[in-house]
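**Student:** Please see the structure below; I have some questions.
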Amino acid sequence: MAHLPPSYLGKKVFLEKNSQRYYVIKYEEFKPPRKIHVLLFDHDVPAIFAVMDKDGKFLDSFFLSNKTTEDSAKAMERYREIAERKKKHKVTQDDLHDALKPEGEAKKKNENIMKYLKDEHLEDIKHQWPSRLIALQNADGKSSQSLIMIALTEAIKEANPIKSFDFLAKHRLDDYIPFLANHVQEHPELVEKVSVAYISIENGDILSEFLARAADYVDVNNREAVESILQESYKIDHVHYTSMMKHLLSRLLQRVKEETALTNKEWLSKTISNKELRRSIADILRSQTSS
C-alpha cells in the first residue's frame with residue numbers, strides 16, 4: 001500500500017512569529033523515502049533552499065545568497081530550466097491575478113487566458129514540473145472554481161492520463177483523480193495505479209468515486225478493465241468494511257442487461273477469470289437471490 005507524500009506548493013512560511021513577512025514554497029521535489037527539497041520565494045525570486053520531511057518539519061534551510069550545496073544547486077538548475085520555459089508563455093502577472101478568480105468575477109482582459117492557462121497545465125503535466133499555477137492557487141486562491149482550476153479540468157481531458165495521474169497525485173489534487181475515470185477504457189492500468197495510491201486516503205472515498213465513475217464509463221465487454229474495477233472494489237471492502245463491490249457489480253449487471261444480449265452468467269463467465277473474485281461475486285448473487 002503506497003503512502004503519497006504531501007505537497008507543500010503554495011505554503012506560506014513565516015520565519016519569525018508575529019511577522020508579516022513570509023516566503024512561499026513555489027518549487028518542491030520529493031526525495032524518497034521521506035525528504036522533500038523545496039525553494040522558498042520572496043515574491044518571484046528564489047531566496048531559501050530547505051529540506052523538509054513528509055510531515056512538513058524543516059530539517060535544514062539556508063539563504064541561497066549565503067550558501068550553496070549540491071542539492072540546492074540541482075534544485076536551482078531545475079527551477080531555472082522551468083522558469084526559462086515559462087518565459088515563452090504569454091501569461092502576464094495581471095493574467096495570473098485574474099486567473100485566481102472564478103468565471104463570473106474574472107475580467108479576462110486577455111481573451112486567450114483560458115487557452116494559455118490550459119497550455120501551461122499541459123506542459124507541466126507532460127514534464128511533471130511543480131506547477132506555478134497550483135502554487136499560486138494554493139497560496140492565494142479563494143475559489144476552487146478559479147480559472148486556474150477550470151483550465152486544469154480541461155487540460156486533464158487532453159493530457160496523457162497516466163501522466164495526468166502522476167501530476168495530480170504529486171500535487172495532491174486528490175479531488176481531481178475521479179475525473180480520470182473516463183480514460184479507463186483505453187488505460188485499464190489506471191485502476192490499479194489509483195487504487196495503490198488512494199485506497200488508504202480519506203477512507204477510500206476518492207478511490208470509490210473513481211471506481212464508480214469508471215464502472216459507468218467502461219465498455220462492459222472490456223474484460224481487463226471490468227475485472228480490475230471489481231478487484232479493486234473488493235480490496236476497498238476488505239480494508240474499509242464497505243459494500244463497494246456489491247454496488248458496482250449491481251451497476252455493471254444493469255448495464256449488461258441494457259447494452260448486451262448476454263445473461264449474467266454468460267457475462268461473468270466471459271469477463272471474470274480471477275477465482276477468488278468469482279467466488280465473492282457468486283456469494284453476493286446468492287445473498288441477493290435468497291433475500
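The values are calculated or read from the model by the stated rules, or taken from the named source; none is laboratory data. None of these values were measured; they are calculated from a predicted model. For neighbour counting, all protein chains shown are included, and Cβ atoms are generated from backbone atoms with ideal geometry for every residue, glycine included.
**Student:** Here are the criteria: (1) in contact with a Lys or Arg (Cβ under 9 Å, 6 or more places away or on another chain); (2) on the phi > 0 side of the Ramachandran plot. Tell me which single one A212 does not satisfy.
**Tutor:** (2)
**Student:** Now a separate question. Just to verify a result, which residue in segment 1-59, among those that are within 24 Å of the chain's Cα centre (by Cα) and small (G, A, S), is farthest from H97 (Cα to Cα)?
**Tutor:** My answer is A2.
**Student:** On the basis of being assigned by TED's automatic domain parsing to the domain that holds A225, in contact with a Leu (Cβ under 9 Å, 6 or more places away or on another chain) and assigned to a helix (DSSP H, G or I), does V196 make the cut?
**Tutor:** no
**Student:** Identify all residues within segment 123-140 that are under 17 Å from H89 (Cα atoms), of a type in the set (D, E) and surrounded by fewer than 22 Cβ atoms within 10 Å (Cβ to Cβ); write none if there are none.
**Tutor:** Residue satisfying the conditions is E123 alone.
**Student:** Now for a different question. Residues of segment 142-171 being at pLDDT below 95 and under 25 Å from R78 (Cβ atoms), which ones?
**Tutor:** The answer is none; no residue qualifies.
**Student:** If you don't mind, there's one more thing I want to ask. What residue, among those in segment 26-50 that are touching a Phe, Trp or Tyr at 6+ places or on another chain (Cβ under 9 Å) and closer than 26 Å to V194 by Cβ, is surrounded by the most Cβ atoms within 10 Å (Cβ to Cβ)?
**Tutor:** Filtering segment 26-50 for residues that are touching a Phe, Trp or Tyr at 6+ places or on another chain (Cβ under 9 Å) and closer than 26 Å to V194 by Cβ, the one surrounded by the most Cβ atoms within 10 Å (Cβ to Cβ) comes out as E28.
**Student:** For segment 96-115, what are the residues that are buried (at least 17 other Cβ atoms within 10 Å of the Cβ) and either closer than 29 Å to H37 by Cα or touching a Cys at 6+ places or on another chain (Cβ under 8 Å) (or both)?
**Tutor:** Scanning segment 96-115 gives L96, A99, L100.
**Student:** Continuing with this model, one more query. Please determine, by comparing only the residues of segment 228-263 that are charged (D, E, K, R) and over 21 Å from N203 (Cβ atoms), which one is surrounded by the fewest Cβ atoms within 10 Å (Cβ to Cβ).
**Tutor:** Selected residue: E258.
**Student:** Shifting gears a bit: Here are the criteria: (1) under 20 Å from L9 (Cβ atoms); (2) over 18 Å from the mean Cα position of the chain (by Cα). Tell me which single one I150 does not satisfy.
**Tutor:** If we test I150 against (1) under 20 Å from L9 (Cβ atoms); (2) over 18 Å from the mean Cα position of the chain (by Cα), just (2) comes out false.
**Student:** Could you please give the count of residues in segment 109-160 that are among the hydrophobic types (A, V, I, L, M, F, W, C) and assigned to a loop (DSSP other than H, G, I, E, B)?
**Tutor:** 2
**Student:** Now for a separate question. Is segment 82-90 home to any residue that is closer than 23 Å to Q137 by Cα and among the hydrophobic types (A, V, I, L, M, F, W, C)?
**Tutor:** The answer is yes, given that some residue of segment 82-90 is closer than 23 Å to Q137 by Cα and among the hydrophobic types (A, V, I, L, M, F, W, C).
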